Amino acid sequence: MTQLGLVGLGKMGHAMRGRLRAAGHDVIGYDHDKAVSDTDSVADLVSRLANPRIVWVMVPPGDPTRGTVAELADLLTEGDLVIEGGNSRYDEDKAHADLLAGSGIGYLDVGVSGGVWGGDAGYALMVGGESTDVQRAMPVFDALRPEGPRAESFVHAGGVGAGHFAKMVHNGIEYGLMQAYAEGYELLCSAEAITDVPGVLTAWSRGTVVRSWLLDLLIRAVSEEPDLGSIRGYVNDSGEGRWTVEEAIKHSVAAPVITAALYARFGSRQDDSPAMKAVAALRNQFGGHAVSTVDGHAPTAPTAD
């Protein structure tokens, strides 16, 4: 049995606590939501852990993560270990590791994939940091990952920052896969020849090269609502797709699919795209092509000088 402090009991953190406890580990959790928290504060959590301590941070990236790591740097002591499992940008990990190292505290960054299903199915884990710290935390990692060969759901990807870098690329690939499935779905819906869109998608779920868990989730969604009529086509991004594209540019790696998928999300947030207005205006200007206007009146076609 391993004792673990867990800061952040949102959708994933709460499920992770349950999975770890089911595996026999002692997990003490803290969250701002007192209804799910085991302790009154991060300081109280630390005080209830036996030395040497392990604290897993599962809070939103950016200021919440930076603030939590800084707070732990003041509360923990030499020999303790912090595991940062949020979707943080990989280049912030070195600063966290350096801050903690000043007090002799270890640091691991972990990319965690599995979403809301991970509590039951397990999580894929991508870890960055020192080998000795990874081995120390391995009972926790083994409890969180799915059953089966460790190498199929866990990797010590490299030094500090490698775990979050691997998760960043994972999420960038996810953007491209989702966009491809979405475009295929729209094309199926648009074709008069297809009368059973959910059936076509379901037929792809076994034996084809495009089968995947994402396809299974799309099948689940369209089986419940074939036209997805209650859902607005507005898609946010968590930041990792952007970071993946930035890294592709930095390393001169062509990533047209991931980049296009990111841009498609940007386009989804515009009720009336200024760029497409410009395209329509240009077509009208050079070719006299009809355009749709706000007031329903088409502008006069230009004449050559």
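The values are calculated or read from the model by the stated rules, or taken from the named source; none is laboratory data. Note that this is a predicted model, so its numbers are computed, not measured. Backbone-built Cβ (ideal geometry, glycine too); neighbour counts: all protein chains shown. Accessible surface is based on the protein model in full, side chains and every heavy atom, while ligands, DNA and RNA are left aside. Shrake-Rupley method; radii C 1.70, N 1.55, O 1.52, S 1.80 Å.
Worth pointing out:
- Counting only strands (runs of 3 or more DSSP E) that sit completely within the range 23-87, those holding 2 or more residues that are under 19 Å from Gly128 (Cα atoms) correspond to 54-57, 81-84.
- From Asp271, Asp237, residue being open to solvent by 80 Å² or more (accessible area, probe 1.4 Å) and either touching a Cys at 6+ places or on another chain (Cβ under 9 Å) or of a type outside the set (Val, Ile, Thr) (or both): Asp271
- Any hit, the range 214-234, residues being under 21 Å from the mean Cα position of the chain (by Cα), aliphatic (A, V, I, L, M), modelled with pLDDT under 85 and closer than 30 Å to Asn87 by Cα: yes
- Positions within the range 101-123 being closer than 21 Å to Ala23 by Cα, in contact with a strand residue (DSSP E or B) (Cβ under 9 Å, 6 or more places away or on another chain) and either among the β-branched types (Val, Ile, Thr) or in a helix (DSSP H, G or I) (or both), in sequence order: Val110, Val112, Gly118
- Only residues that are open to solvent by 70 Å² or more (accessible area, probe 1.4 Å) and either more than 12 Å from Tyr181 (Cα to Cα) or not in a loop (DSSP other than H, G, I, E, B) (or both) were counted across the range 204-223, and they come to 7.
- Here the range 25-43 is the region considered, the condition is being surrounded by 15 or more Cβ atoms within 10 Å (Cβ to Cβ) and acidic (Asp, Glu), and the residue that is nearest to Leu108 (Cα to Cα) is Asp31.
- Here Glu186 clears all of (1) open to solvent by 70 Å² or more (accessible area, probe 1.4 Å); (2) part of a strand (DSSP E or B) except the condition numbered (2).
- From the options Asp91, Asp63, residue that is out of contact with any Pro (no Cβ under 8 Å at 6 or more places or on another chain) and in contact (Cβ under 8 Å) with a residue 60 or more places away in the chain: Asp91
- Screening Ser238 against (1) assigned to a loop (DSSP other than H, G, I, E, B); (2) over 16 Å from the mean Cα position of the chain (by Cα) leaves a single unmet condition, (2).
- When Val112, Val140, Val127 are checked against the criterion of being within 12 Å of the chain's Cα centre (by Cα), closer than 20 Å to Leu100 by Cβ, of a type in the set (Val, Ile, Thr) and at pLDDT 95 or above, Val112 stands alone in meeting it.
- Every pair of residues 6+ apart whose Cβ atoms lie under 6 Å, when the first sits in the range 280-291 and is at negative phi while the second is among the hydrophobic types (A, V, I, L, M, F, W, C) and surrounded by fewer than 13 Cβ atoms within 10 Å (Cβ to Cβ): Ala290/Ala298
- Filter result for Ile258 (without any contact (Cβ under 8 Å) to a residue 24 or more places away in the chain and either over 22 Å from Gly122 (Cβ atoms) or open to solvent by less than 90 Å² (accessible area, probe 1.4 Å) (or both)): no
- If you go through the range 130-140 and pick out every residue that is open to solvent by less than 40 Å² (accessible area, probe 1.4 Å) and either more than 17 Å from Val82 (Cα to Cα) or in contact (Cβ under 8 Å) with a residue 24 or more places away in the chain (or both), you end up with 4.
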